[in-house]
Amino acid sequence: MIEVVYLAASGLDAYTKKQETISANLANTNTAGFKKYIADFTITADEVDGIKSEVVRPDVSIDFTKGDLTYTGNSLDIAIDGEGFFTIETEQGLRYTRNGQFKLSGNGEIVTSNGGKVLGQNGPLVMPKGKNLVTIDSTGKIKVDNSEVGQLLINNFTEMSSLIPVGSSLFMASPTAVPDPAKLNYAIAQGYLEKSNVNVVAEMVEMIENMRSYEASNYLIKNFSDTLQQLISSQSNIV
């Protein structure tokens, strides 16, 4: 019986972690390029307080499925229709994102909302002063008033699990990440943004089911605690 209680107790932690991932998904429903978290459970053998028992552990991964593209008409809203990531230069190093909601900095650089520099194949992309019409073709080539100024640097990796989330839509490549040019099958869509791949209805249903599982585990633990307390009280009365 005690093993079942340990299993239920570990389940409470796992269900809590899953609830956190679902909450993060719902909070980023409207974040361009956001990739939802998936929390699965694995049951492994472990030893708790000297007692061998099975325990539930959460296993969180990321669903990199492409979100729908939505038209905005803004010249610096850019979507990747296919595989790959925009490459961003930050103070912490290179980062990768599917969020193409960019803007111009004070010195004419194309940057993210947090000031990260969007990289072209030859470095940060800088727009000439006094120029207005920005056009980006399907290959990522950028022209300003018909003069080419650079080309977007798109990267992808052999194993998507090598990407570590470091923000709502930013990823860092782990030391084991291997670039994979063969997976660069894409077309750039100017004036579009990739929506998050979160399905609100599905997340809400999963949240309800997860809460029910949490309550069931909590109920089992409470019943065991009550039964144990009654047993202790009855033994005390006998003495």
Once each part is reduced to its C-alpha centroid, what is the distance from the range 11-41 to the range 88-166 in angstrom?
28 Å
Considering the options Asn185, Gly106, Thr158, tell which one lies farthest towards the positive end of the dipole of the range 105-227, charges being +1 on Lys and Arg and -1 on Asp and Glu at the Cβ, about the Cα centre.
Gly106
Find how much the distance from Glu91 to Thr135 grows on full extension, using 0.36 nm per residue of separation minus their present alpha carbon separation; answer in nm with one decimal.
13.0 nm
Quick check on my link table: of Lys141/Lys195; Lys129/Lys195; Lys103/Lys143, which ones sit more than 21 Å apart, alpha carbon to alpha carbon?
Lys141/Lys195; Lys129/Lys195
Considering only the other residues whose Cβ falls under 13 Å of the Cβ of Ile208, what net charge follows from Lys and Arg at +1 and Asp and Glu at -1?
-2
May I ask you to evaluate 6.51 cos²θ - 1.76 cosθ + 1.60, the Karplus curve with θ = phi - 60°, for each residue of the range 73-81 and list the ³J(HN,Hα) values in order in whole Hz, giving x for glycine and proline?
x, 7, 5, 9, 8, 10, 10, 9, 8
Give me a comma-separated list of calculated 3J(HN,Hα) values for the range 184-190, in order, Karplus coefficients 6.51, -1.76, 1.60 applied at θ = phi - 60°, integers in Hz, x for any Gly or Pro.
8, 9, 8, 9, 7, 10, 6
When Lys and Arg each count +1 and Asp and Glu each count -1, what net charge do the other residues less than 14 Å away from Gly33, Cβ to Cβ, add up to?
0
Starting at the first residue of the range 138-149, write each ³J(HN,Hα) from the Karplus equation 6.51 cos²θ - 1.76 cosθ + 1.60 with θ = phi - 60°, in whole Hz, x for Gly and Pro.
5, 8, x, 6, 10, 10, 10, 6, 6, 9, 5, 10
Under 5 Å between amide hydrogens, which residues at least 5 positions from Gly140 or on another chain qualify, with H placed 1.01 Å from N in the peptide plane?
Ile188
Neighbours of Tyr15 by Cβ distance under 14 Å: Lys/Arg at +1, Asp/Glu at -1, summed charge -3
Distant-in-sequence amide H partners of Gly82 (H built 1.01 Å from N, under 5 Å):
Ala187
Could you list which residues have their amide H under 5 Å from that of Asp180, counting only those 5 or more apart in sequence or on another chain, with H placed in the peptide plane?
Asn156, Phe157, Thr158
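Read-outs: derived from the displayed coordinates by stated rules, not from any lab. These numbers were taken from a predicted model, which means no experiment stands behind them. Positions of Cβ are generated from backbone atoms using ideal geometry, with glycine treated the same way; all protein chains shown enter the neighbour counts.
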